[in-house]
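Inspection log for the structure reproduced underneath, given as C-alpha cells.
The values are calculated or read from the model by the stated rules, or taken from the named source; none is laboratory data. If you're wondering where the values come from, they're calculated on a predicted model, not measured in any experiment. Here Cβ is always computed from backbone atoms with ideal geometry, including for glycine, and neighbour counts include all displayed protein chains.
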Amino acid sequence: MKNTIIAILFLTVTGAVLLWSACKDNSKKPAVLSQNKTAYSTIQLPQDALSTCTIPQDTFNTWFLTGKATENGHVTPANSITFGHQNNCDFYQWSERMFLWVTSPNTGEYGSTGRVLESPVFYTVAPDTSGGMTLIKHLPGTILPVVPALKKNGPNRLPLFSDRKGHLFEVWFHKAGEKVLVKNSSGKIIELGPVGKDAKGIILLKDKQGVAIEKPQFVTKLTNPKNVIHAFATSNGNVFFDMNGNQVETELAQATQDALMAQNGSLVYYITFVNDMYAYFLAAVQAKYMSGYQFPTTLSGRDSIMAYAKQQGYSLPPDSNALAIELKTSWIIADSLSDASGFVTIDAIIPTYNTSSPSEWPVTGQQQVKLALVGMHVVGSVAGHPEMIWATFEHNSNTPNASYQYIDSNKIVQTVPADKGNWLFNSNTSLPADSFNNPHMTADSVNTLFAEAPYTTISASNTLRLFPFGAAFNLVPNQQDTSASASNTEVISINNNIMGMIPGNDIRKNYVFIGATWTNSGTAPNGNVYSSDPSKGSAIGTSLLANSTMETYLQGTTFSCFTCHNNNNSLAPGALSHIFDSINPVKNILKKMK
C-alpha cells in the first residue's frame, strides 16, 4: 500500500499545525549530526541484588501469545480489570508487561508489520488548526508526526518554570488589560490596575485609581496558589509576584518548552499515543453516554465502553481488558547511531531546520526519517487505581546514573558509585555536579529552536539521572519500603528477573524499567511525594520518578509525575491527563476514519 504521510508539524503551545508538502525534501537537514558515530556505555544492573520482586518462569510464559517466552515474541497486555494491587511488585509487573506489549511485533488483529504502538489499536495525539487536539488513526502506511519539545504544564495548565535552587513554579502571564483581582489588608476585593514603577523606581501593585494596595493577595481558584507566580509585562521586562503580592527577585528558567539534543547531534522528538479504549471512553464521555468522573477501572466500565463502541459501529478492541492507556515517547534519529539494531524504530515525519545560526534554528520544512526509541512513559488505569499507574522506561545507553544504594543477596546495603563513561546524553561524567541537567535550548510556538541563556549555542547538554530508580538517599519513597535501598532493590530485582527470562537478543532487553508511581488506595493525587507528605494522596512507589529524556530538567526531591498531573485533588480524567479535555469531539474524528 502506498504510504500515507501525515504532514503535520506540532506547534505545541498554540495547538496549531502547519501543513507542508507531502513530498520528501532531502535538501533539508533535520539537525546537525555528528560525523563520529560512537559506541555508548550502558547501565549495568547489580546482578547480586536481593530478589524482592520476581515472577515465576511459568507465569512469565503466559504473558506471551504462544504461551512460551520467545525472542521478540508477541506479549499480550496485562488484565487491568483483575489487577491485584497488593504490593509494589504488582505495580512493577503490570508496568513491565505493558511495555513488552506495546513494543511487541504486530501479529494477528494488530497487523503484520511494525509494533503494537504503531498498530490500529493506538492513535497518535496531534494538534489541529482549531487550537485543540485530534487523533490520528494508525492505518497501514501511516507515517507519524513528531514534536521537538514537550509541553510541560503544571496542575493549573500554566507553563512551568524553575529557579536555580530547583524550586518549581507555575507562571501566570497576565495580559495587558486583563481583569486581575486582589484582596487588600482589610479583606476587600479590588481590581488591579496597570503594574509599573512609582517615582522612586519601586514596583507596587496599585488599584485602578493608582493607589497602592496594602498587603495584596491574588484572588484565584488555582490549585496550590502558593506555587503560582504572577507575571506582568512592564517597559523594563517582566516582573514577578508571589500569591501575597511580594515581588519575586529570582532568576526563573522556563521548563515548559525545553528541547533536548543527544551528544551525537540528533534532536529528541516526542510522540503521544492513546489506545482505542482511551479514545472510545473519551468519545462516550463527550457524548454523555458515560459520566466520566474517573478513568475506567472495572468490568462494568469496560462493558459500557464496549457497548458504546458497538453502538457507534467502531472496531471493537482486541484488548479491552487493558483499559485506558496513554503513552508518551521520546526518539532520536536512528541514522545518528553507529548501530540502531538495538533500538525499537519507527518511521516518522520530523521538522527540518535552517541551522546557519548557532543560536536560532527556524523550521524550513519536514523530512521522513527512521527514529529510534530512547524513552517511554506507560500510563494506564487499573482496578482500584483511577489515578492510573505512571511507569517509565529508558534505553540502557541513555544517561549515567548518580550514585545509589541497593540490598544484596546477603541483605547487606551496597553503594554503587556514579556511572562513568560516554553516553547518549552525557559526554563527560566527571564534570562538577552543577554542570548537569542545565537546558541549552528551548522551542517557541512554531517550533523554532533558540539557545537558552546563559548558553549561546543550540547544543547538547550533559544529563545525569539524579534518582536512578525514583528514590533519593535518606528519603523513604513509599509506605512499603523502609529505605531508598529497599525500593531500588525491588526495581533492580524485577529488571533482572524479566531480562533473565526473555530469550536471546530480544531488542526489548535493551530497555530498563526505571520505576512506577501511583497513590495509596487510588486516592486523588495531591501533587506531593511520600517522603515529605505521607498522606494517601501523595505519590508512592518510586515516588521521585523521572525519565531523563522527558523530565531532564525537572528532577528534584519534591517532584513526581503527580506534581503536574493533578488538579484540586480530583480523579477526573482531565485533572490527570493533560490531553483529555483538549481532544476535539472524538465521535466526529472516528466517524471520518470508518
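Test Tyr314 against the criterion of being over 30 Å from Thr42 (Cα atoms) and modelled with pLDDT of 95 or more, and give yes or no. Even if it seems obvious, please write down each step before you answer.
Numbers: over 30 Å from Thr42 (Cα atoms): yes; modelled with pLDDT of 95 or more: no.
No; evaluated as a whole, the condition is false for this residue.
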(request) Being β-branched (Val, Ile, Thr) and assigned to a strand (DSSP E or B) is the filter here, so list the residues in the range 267-281 that pass it. (result) Ile271, Thr272, Val274
(request) Could you please tell me which pairs satisfy a Cβ distance under 7 Å, a separation of 6+ or placement on different chains, a first residue in the range 284-300 that is surrounded by 12 or more Cβ atoms within 10 Å (Cβ to Cβ), and a second residue that is at pLDDT below 95 and small (Gly, Ala, Ser)? (result) Val285/Gly292; Gln294/Ala572
(message) Among the listed residues Ser330, Ser304, identify the single one that is assigned by TED's automatic domain parsing to the domain that holds Pro573, surrounded by fewer than 21 Cβ atoms within 10 Å (Cβ to Cβ) and outside any loop (DSSP other than H, G, I, E, B).
(response) Ser304
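Kindly establish whether Gln254 is modelled with pLDDT under 95 and over 30 Å from Phe425 (Cβ atoms). Outline the logic, then answer.
Numbers: modelled with pLDDT under 95: yes; over 30 Å from Phe425 (Cβ atoms): no.
No.
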(message) Just the residues that are under 25 Å from the mean Cα position of the chain (by Cα), closer than 29 Å to Thr38 by Cβ and either of a type in the set (A, V, I, L, M) or not assigned by TED's automatic domain parsing to the domain that holds Leu373 (or both), please, taken from the range 419-450.
(response) Leu424, Ala433, Met441, Ala443, Leu449
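Would it be correct to say that Ala486 is surrounded by 15 or more Cβ atoms within 10 Å (Cβ to Cβ), over 25 Å from the mean Cα position of the chain (by Cα) and farther than 23 Å from Val374 by Cβ?
Details: surrounded by 15 or more Cβ atoms within 10 Å (Cβ to Cβ): yes; over 25 Å from the mean Cα position of the chain (by Cα): yes; farther than 23 Å from Val374 by Cβ: yes.
Judged against the criteria, Ala486 is a match.
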(request) Please indicate, with yes or no, whether at least one residue in the range 567-586 is farther than 30 Å from Tyr308 by Cα, modelled with pLDDT of 85 or more, over 17 Å from the mean Cα position of the chain (by Cα) and surrounded by fewer than 21 Cβ atoms within 10 Å (Cβ to Cβ). (result) no
(request) Report, ordered by the first and then the second residue, all pairs with beta carbons closer than 8 Å, sequence separation of six or more or different chains, a first member in the range 53-68 that is part of a helix (DSSP H, G or I), and a second member that is at pLDDT 95 or above. (result) Gln57/Ala69; Gln57/Met501; Phe60/Ala69; Phe60/Ile498; Phe60/Met501; Asn61/Gly67; Asn61/Lys68; Asn61/Ala69
